[in-house]
Every structure is written in structure tokens, then in C-alpha cells.
1. Restricting to the stretch 11-32, what's the tally of residues that are touching a helix residue (DSSP H, G or I) at 6+ places or on another chain (Cβ under 7 Å), more than 21 Å from residue 134 (Cα to Cα) and surrounded by fewer than 19 Cβ atoms within 10 Å (Cβ to Cβ)?
2. Search the stretch 240-253 for residues being farther than 23 Å from residue 123 by Cβ and touching a strand residue (DSSP E or B) at 6+ places or on another chain (Cβ under 9 Å), and hand back the single one that is surrounded by the most Cβ atoms within 10 Å (Cβ to Cβ).
3. Filter the stretch 214-239 down to the residues that are within 20 Å of the chain's Cα centre (by Cα) and farther than 17 Å from residue 123 by Cα, then identify the one that is surrounded by the most Cβ atoms within 10 Å (Cβ to Cβ).
4. Of all residues in the stretch 165-178, how many are part of a helix (DSSP H, G or I) and buried (at least 16 other Cβ atoms within 10 Å of the Cβ)?
5. Would you call residue 334 free of Cβ contacts under 8 Å to residues at least 12 places away in the same chain and either touching a helix residue (DSSP H, G or I) at 6+ places or on another chain (Cβ under 9 Å) or within 22 Å of residue 304 (Cβ to Cβ) (or both)?
6. Restricting to the stretch 182-230, and then to whatever is farther than 15 Å from residue 345 by Cα and assigned to a loop (DSSP other than H, G, I, E, B), can you tell me which residue is modelled with the highest pLDDT?
7. Does residue 330 count as out of contact with any strand residue (DSSP E or B) (no Cβ under 9 Å at 6 or more places or on another chain) and not in a helix (DSSP H, G or I)?
8. Against the definition (within 18 Å of residue 319 (Cβ to Cβ), surrounded by 14 or more Cβ atoms within 10 Å (Cβ to Cβ), assigned by TED's automatic domain parsing to the domain that holds residue 328 and within 19 Å of the chain's Cα centre (by Cα)), how does residue 201 come out, yes or no?
């Protein structure tokens, strides 16, 4: 399965300033698979150690963090010579062995010639434990997400369509109507499947939405198991409550996260840690409100008001129990929640591209779904689920903050009119 992150791995391997690499990401986004495939393609051999299983190695590292001695130990256990630059050392589920993560600092300082990658599903959660010693400044990091829509097209053997979408976005040229409709049809399918690799593999094989929902349910069950495994009982209950409330939060007219939706009388002091957990675990995305649209936008973030989205649109579709025919119908459907889900899809797209997520409100009179700081300025982005695209908010934002243009993402074709760049939903990854 072709993934964009592979190029980042190649760049890391070839970098003269290479340090041990940590790959962060939610469970089931394909970290183990892509690292092993990268290792097979670009190294003579791969030494794979799942730290959930390699308990003896964990015990050894508890008493010894010298990279030289760790390598000697691994060679003895695996009966394999570890050659600098020719062997990829891969520590999987490294959050299980905290000292192993700390040891990456010494690999960086004492044996930088060795190529080391570490991955884990709950690294963000583990790193924030009080006793944890993270090798700050001594590691490279990559965040990995579910497949985006373009990678989904690659998996569906529609690489040519993906290429045409990029070409028409770059040239701001109208897509031929037949291709536009095909691309929208694929977008509807992705809306249901989401980007979890196991789900997409099953869909490629069967094209059955029923079969993929079984896999999605299994992934959800793994999330719940992690909540119980990596948090105490009272916190895990709060974590599940916050995560399960996301569809209800998005269904509100004002999608700002409200603690009272999780539990009557809920407050930030009660649920703040739980929200932080699901964000650090990579299963939820936080979009903060902006007080102003000036550069740099990060400096104007409102730390109190925010929205939460699920990290995978397919999981949200499953959790929301929205009838699939509502998504698949080619005609315009008057469904407010479908609009909120479309926002979630775009939030996932922007997070995958590394954009910080922000939205903007003005005294309750106007709201812009997302605000991006791009090379040509601060750009307001409006999301529409269908073809009806009228809105005053973009104009208000442009006038107030002198944005060079705005972006509207909808079912409409490519275009540029009234200082608004029209981007079809299936081309959001091109922004």
C-alpha cells in the first residue's frame, strides 16, 4: 500500500543530520507495516522488536542503556549482525518500555551511525507521564495519520484520477463533468471507509461496506481497551465519555465543545485530562478558536474555546450511525449533521498535512470553519457539504483581516470567483 510518509522516511535515511526517528500515530494507522516495508526496501536487513513481547529486552534496558551493550544483546538474541547504515533497528510499541525511549538519546550521542526507528500507538500519552524522560532534541519525529483521500485513490488503483485532480487544482481548471462525478463518487466511498489501512484493504477486496464496519468496530474496541490499559479506572471512564460525545458535540448548532454534553455539570477541571488523553492518543483532533486573524495565528488562539473532531472520518461515520444511503445519494440531502461530518473530513485532511487547526468567530455574527496561515497570508476556509454555498462569513473575514483570497470547499467544481477559490471536496488534500 503506497503511503506518502515513505518519502519522509527516505529523506530521514539520507539526511546527514539524521537522529533516531520516532513515529507517532494512533493505533492501526499502519506504522508497523510501512516501517517494515521501508526497511526491506532500503536496508540489507531489519531487526524488529515489539516491546510488548520482548520483555527480556525491556528488563535488560532497565539496567543498561549503553547503545553498544543494547546492540550486543539484540545481536545475541536475534542471532543477527547489526551493521551501521545497513541494518534498520526498529523498536515497536516502545511506549511499553520507557527506558528504551530514553535510550534513543544515547544512540544519538554515542552511536549516530546506527539507523534506529521507534514507533508506538500511545507515545503522546506515555511521554506525558510524570516519570517519563523524553530525549528532547535528540530524536527526529514524524506524525502518521490514516490514509488521506489521495492515498485511498492509489489503493483503489485510481492513480490517474488522483493525478488529474492535482493538475486541475494547480491550474485552477474546471474538471470535466464526467471526471468530477467519478471523483465525487469516490469521495462518498472514502467518507464511509475512512483511512484505516485494514479497512481500505478489506474494501479493495470486497467493496462491501458491511464487512468494513466489522473491522472499524474492532478498531474502536482496541481504542477502548487502550483507555482501560493506559489510564486508571476513573480517568478511563471520563476518556470514553469524552470520546463518545464527539458526534453529539458536532451535531449541535454551535459545535464548540461543551462539557455539559459529556455529563450534566461537567467542567474543564473534571474532563480536561480526558480530552488531552484522546488528543495525545491521536484518536481526536482539536480545533481552537481564533480571537483574531493576524499573523502568526497561533499567537491569537483562544485556549478555552475549541472543537473536537474524530481523527478518522470512517470511524465517525460508524459511530454516528448515519444511514449510508444518505451519504451515497448523488442528490442534495438536507441533513445538518452531514455538514458537521464534512467539516470533520476536512479537519482530518488539514491535520494530515501538518496544519494547526483553527476556526474563527466574530461576536456570534459570523463564523469561518477553518483558518490557515499559508505562504500568501491568512486564508479563511469555508466548508459546505453540497452545492449550495452562500455565506457572508468569508467576506467579513477578508474585509476585517485583509486576506488575499478565501477558499470554499464544496461539491462544486474548481473555479475562482469574487475572490473565492472553489475547491471540490475530493481535492482538499491539494491545499
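The values are calculated or read from the model by the stated rules, or taken from the named source; none is laboratory data. Being a predicted model, the structure only gives us computed values, none of them experimental. When we count neighbours, we look across all protein chains shown, and the Cβ atoms used for this are built from the backbone with ideal geometry, even at glycine.
1. 1
2. That would be 250.
3. Taking the candidates together, the pick is 216.
4. The qualifying residues number 3.
5. No.
6. 208
7. yes
8. When the stated conditions are applied, residue 201 does not pass them.
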